[in-house]
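The values are calculated or read from the model by the stated rules, or taken from the named source; none is laboratory data. On a predicted model such as this, the values are computed, not experimentally measured, just so you know. Here Cβ is always computed from backbone atoms with ideal geometry, including for glycine, and neighbour counts include all displayed protein chains. Ligands, DNA and RNA are excluded from the accessible area calculation, which covers all protein heavy atoms including side chains. Shrake-Rupley method; radii C 1.70, N 1.55, O 1.52, S 1.80 Å.
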Amino acid sequence: MKFRLAVIDYGACKPKKCSYECIGVCPVNRSGRALAIDAERAVRGQPVIYEDICIGCGLCVKACPFEAIFIVNMPSELEEEAVHRYGVNLFKLYRLPVPKEGHVVGVIGRNGTGKSTALRILAGELKPNLGRLDSTPDWDEIIRRFRGSELQAYFKMIANNKIRVAHKIQHVDMVPRRVKGVVRELLKKADERGVSGELASELGLSKVMDRRVEHLSGGELQKLLVAAVLSKEANVYVFDEPSAYLDVRERIRVARLIRREARPGKFIMVVEHDLAVLDYVSDLIHVIYGEPGAYGIVSLPYASRAGVNNFLDGYLPAENIRLWKEPIKFRVHGEGGGEDSYKPFKVAEWSGLEVYLDGFKLRVEPGEVWSRQVIGIVGPNGIGKTTFIRVLAGEVKPREGLVYTYISGEPRVSYKPQYVNPEMFPQATVYEILKAVNPEVVTPGSWLYLELVRRLKLDKLLDREARSLSGGELQKLALSIALAREADIYLLDEPSAYLDVEERLNIARIVRRIVETREVVAFIVEHDIMLADLLSDKIMVFKGEPGVEGLAGGPESVKRGMNKLLESLNITMRRDPETKRPRVNKEGSYLDRLQKVKGEYYE
């Protein structure tokens, strides 16, 4: 590895405000070549660093007042394996996942490392340029590049138009902007196999068949896209984050339908951030690692269990690459022990609550919470989880029952809502917003700065306007705001939405440290079973009829609560012997049948 590339984040670059300070300090700029205005960028007034003579001295990095430039260690030994490059100072992808006929191949990695790019190439939507910007290779050259590998035959089929691809896109919220009509008509139009009705029934779309697309929720849009893709007559199926917006039951339903298509003559690729779902749906897994926004490297394939375990361990043995220092380990709930000398105190309790909201009825059994506890809230969509959080936040008043707190004075509550959008934030920079909430968060060296800003990679966004951020960046900002506040009760509604696996694991560490350091309590609504298991000390299970009536039990042990949830979903999970993470059993397998007989749905 050597310094080879200085990357410009053009979202953070503000040349009109700094008068190209980076150009003035470059030691080779005297020749007028290293830092100059490229014709393509000149329209926007943005500087370009020419990689062929950049020496990686870092002077331009220090000169930039917006932290828009950063030096990246590029893997020069992999140059011959470069697959695609978007442009000068832009992202570069090395290697590709290998589709396997009759198998489901999963892909995992951080956001911005090339997962969607790899899928677009394998779907035939993006022709790889093999890292060259001066000339475009033809299909014969591309096929020669991959000779001796399974990708050679695959690209031959793409070049000869012998592959038909059905692609489930990542951003389902874009569908209403591009597609208009009623669900029933759209599914009928997409159906080439005569299975759309059966798929709609299995995915729970029957109640919305006569609804227009623009009136669907995120979860309903996701299921609509999955049903439409599976209705296509194709030999390559590509699914980019199929579990987003879905609850636990719906995620497993989608995973089962995807696995059902894995048969001879079919290639299936899945990108997924929910590790339990990815492990369940995949036969093989590729890990993509690298520097987000700069480059990504696709690992060799691993068996599904080994791939997830290696990722959690932070080490890829086939590549001899360390992803992070400390492995992620899970607790086995219900084994006892591990108590310290700390004496917890009661933070809050509630009597039996009854809430009526827009025709929906929610009943919550009595419960209590203690300091240094994280309460996981699990259950299907539309069952009252967010309503209960809003009751605790004081936004919704119950018709019956009361919430009591044992905090002197008015309890401080910090709430991160379910849906995050740009209009929630003032017209200010990320730095200004965080400083207004808690100055310690933007003070380099403080523990809050290290935990929230550095660990969540917000340090490169501090000078950005909050309303210009992407969905994932807005989610991290909203989480940082909620956790930065000094509070007695933290309410986080679906904190993992839009986040990649590493960011989800970081959120778990951050919440755990804040709860224990401040001796407070946190309620977490979460559909990622693995994250809920990693975070929670107690579980509240919500059941009932979605949209009509919900019933919530009080906080109970994770093992007992998850066992109730999984029994209602007819799903069994076991512990991995190495990482202790929960794994979903294949339906009808020996362990699945054994655990159901024993009544232990969550071991």
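Matching residues to (1) more than 16 Å from Glu81 (Cα to Cα); (2) of a type in the set (A, V, I, L, M, F, W, C); (3) without any contact (Cβ under 8 Å) to a residue 40 or more places away in the chain:
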residue: Ala123; (1), (2), (3): yes, yes, no
residue: Pro128; (1), (2), (3): no, no, no
residue: Leu133; (1), (2), (3): no, yes, no
residue: Asp138; (1), (2), (3): yes, no, yes
residue: Arg144; (1), (2), (3): no, no, yes
residue: Glu150; (1), (2), (3): no, no, no
residue: Ala153; (1), (2), (3): yes, yes, yes
residue: Ala159; (1), (2), (3): yes, yes, yes
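Scan the range 231-249 for residues that are of a type outside the set (Ser, Thr, Tyr) and assigned to a loop (DSSP other than H, G, I, E, B) and jot them down.
We begin by selecting, within the range 231-249, every residue of a type outside the set (Ser, Thr, Tyr); these are 232-236, 238-242, 244, 246-249.
Passing the criteria: Lys232, Glu233, Ala234, Asn235, Glu241, Pro242, Ala244, Leu246, Asp247.
Matching residues to (1) outside any helix (DSSP H, G or I); (2) open to solvent by less than 40 Å² (accessible area, probe 1.4 Å); (3) among the hydrophobic types (A, V, I, L, M, F, W, C):
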site: Val441; (1), (2), (3): no, yes, yes
site: Leu448; (1), (2), (3): no, yes, yes
site: Lys460; (1), (2), (3): no, no, no
site: Lys476; (1), (2), (3): no, yes, no
site: Leu492; (1), (2), (3): yes, yes, yes
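For Ala497, which of the numbered conditions (1) among the hydrophobic types (A, V, I, L, M, F, W, C); (2) within 25 Å of Val369 (Cα to Cα); (3) modelled with pLDDT under 85 fails to hold?
Result: Ala497 fails condition (2) only.
Quick one: count up the residues across the range 258-317 that are of a type in the set (Lys, Arg) and assigned to a loop (DSSP other than H, G, I, E, B). If you could, list the steps in order and put the result at the bottom.
As a first pass, look at the range 258-317 and keep what is of a type in the set (Lys, Arg): 259-260, 263, 266, 305.
Subset that is assigned to a loop (DSSP other than H, G, I, E, B): 263, 266.
Matching residues across the range 258-317 total 2.
Regarding the range 269-287, can at least one residue be identified that is free of Cβ contacts under 8 Å to residues at least 40 places away in the same chain, touching a helix residue (DSSP H, G or I) at 6+ places or on another chain (Cβ under 8 Å) and either closer than 19 Å to Ile571 by Cβ or not aromatic (Phe, Trp, Tyr) (or both)?
First, pick out the residues of the range 269-287 that are free of Cβ contacts under 8 Å to residues at least 40 places away in the same chain: none.
No, there is no match, as no residue in the range 269-287 is free of Cβ contacts under 8 Å to residues at least 40 places away in the same chain, touching a helix residue (DSSP H, G or I) at 6+ places or on another chain (Cβ under 8 Å) and either closer than 19 Å to Ile571 by Cβ or not aromatic (Phe, Trp, Tyr) (or both).
Can you confirm whether Ile510 is at pLDDT 90 or above, among the aliphatic types (A, V, I, L, M), open to solvent by less than 10 Å² (accessible area, probe 1.4 Å) and closer than 26 Å to Tyr289 by Cα? Give the derivation first.
Numbers: at pLDDT 90 or above: yes; among the aliphatic types (A, V, I, L, M): yes; open to solvent by less than 10 Å² (accessible area, probe 1.4 Å): yes; closer than 26 Å to Tyr289 by Cα: yes.
Yes.
Within the range 224-246, is even one residue farther than 27 Å from Ile121 by Cβ and buried (at least 17 other Cβ atoms within 10 Å of the Cβ)? Steps first, please.
Narrowing the range 224-246 to residues farther than 27 Å from Ile121 by Cβ: none.
Scanning the range 224-246, I find no residue that is farther than 27 Å from Ile121 by Cβ and buried (at least 17 other Cβ atoms within 10 Å of the Cβ), so the answer is no.
Just to be sure I understand, how many residues within the range 209-218 are part of a helix (DSSP H, G or I) and open to solvent by 10 Å² or more (accessible area, probe 1.4 Å)?
Of the residues in the range 209-218, 3 are part of a helix (DSSP H, G or I) and open to solvent by 10 Å² or more (accessible area, probe 1.4 Å).
Considering only the range 178-218, state which residues are touching a helix residue (DSSP H, G or I) at 6+ places or on another chain (Cβ under 9 Å) and of a type in the set (Asp, Glu).
Once the filter is applied, which keeps residues that are touching a helix residue (DSSP H, G or I) at 6+ places or on another chain (Cβ under 9 Å) and of a type in the set (Asp, Glu), the range 178-218 yields Asp191, Glu202, Asp210, Glu214.
Do any helices (runs of 4 or more DSSP H) entirely within the range 54-161 hold 1 or more residues that are open to solvent by less than 40 Å² (accessible area, probe 1.4 Å) and under 30 Å from Lys476 (Cβ atoms), and if so, which? Show your work before the answer.
Numbers: elements: 59-63, 115-122, 139-145, 150-159.
Passing ranges, in order: 59-63, 115-122.
Somewhere in the range 182-198, is a residue more than 30 Å from Arg144 (Cβ to Cβ), open to solvent by 50 Å² or more (accessible area, probe 1.4 Å), at pLDDT below 85 and part of a loop (DSSP other than H, G, I, E, B)?
no
Right, Ala497: closer than 18 Å to Leu278 by Cβ and in a helix (DSSP H, G or I) or not?
Answer is no for this residue.
Residues being open to solvent by 10 Å² or more (accessible area, probe 1.4 Å) and closer than 18 Å to Asp537 by Cβ: count how many of those fall in the range 386-399.
So the count comes out to 1.
What's the total number of residues in the range 352-367 that are in a loop (DSSP other than H, G, I, E, B) and either open to solvent by less than 40 Å² (accessible area, probe 1.4 Å) or of a type outside the set (Gly, Ala, Ser) (or both)?
The first filter runs over the range 352-367 and keeps only residues in a loop (DSSP other than H, G, I, E, B), leaving 352, 358-359, 365-366.
From what is left, the residues that are either open to solvent by less than 40 Å² (accessible area, probe 1.4 Å) or of a type outside the set (Gly, Ala, Ser) (or both) are 352, 358, 365-366.
So the count comes out to 4.
Can you tell me which of Glu567, Glu556, Glu549, Glu545 is among the acidic types (Asp, Glu), more than 26 Å from Lys329 (Cβ to Cβ) and either open to solvent by less than 30 Å² (accessible area, probe 1.4 Å) or out of contact with any Lys or Arg (no Cβ under 9 Å at 6 or more places or on another chain) (or both)?
After applying the criteria, what remains is Glu545.
Residue check: is Asp576 over 27 Å from the mean Cα position of the chain (by Cα) and surrounded by fewer than 21 Cβ atoms within 10 Å (Cβ to Cβ)? Break it down stepwise before answering.
Working: over 27 Å from the mean Cα position of the chain (by Cα): no; surrounded by fewer than 21 Cβ atoms within 10 Å (Cβ to Cβ): yes.
Here the answer is no, as Asp576 does not meet what is asked.
So is Val98 within 28 Å of Gly219 (Cα to Cα) and modelled with pLDDT of 90 or more or not? Steps first, please.
Numbers: within 28 Å of Gly219 (Cα to Cα): no; modelled with pLDDT of 90 or more: yes.
No, not satisfied.
Looking at Trp370, is it hydrophobic (A, V, I, L, M, F, W, C), over 30 Å from Val277 (Cβ atoms) and open to solvent by 30 Å² or more (accessible area, probe 1.4 Å)?
Working: hydrophobic (A, V, I, L, M, F, W, C): yes; over 30 Å from Val277 (Cβ atoms): yes; open to solvent by 30 Å² or more (accessible area, probe 1.4 Å): yes.
Yes, satisfied.
Scan the range 376-430 residue by residue and report those that are within 25 Å of Glu486 (Cβ to Cβ) and basic (Lys, Arg).
Arg390, Arg412, Lys416
What about Leu483, is it open to solvent by less than 10 Å² (accessible area, probe 1.4 Å), in a helix (DSSP H, G or I) and more than 21 Å from Ala68 (Cβ to Cβ)?
Values: open to solvent by less than 10 Å² (accessible area, probe 1.4 Å): yes; in a helix (DSSP H, G or I): yes; more than 21 Å from Ala68 (Cβ to Cβ): yes.
Criteria met by Leu483.
Condition (residue is exposed (fewer than 13 other Cβ atoms within 10 Å of the Cβ) and over 24 Å from the mean Cα position of the chain (by Cα)) applied to the range 165-175: is it met by at least one residue?
No: zero hits.
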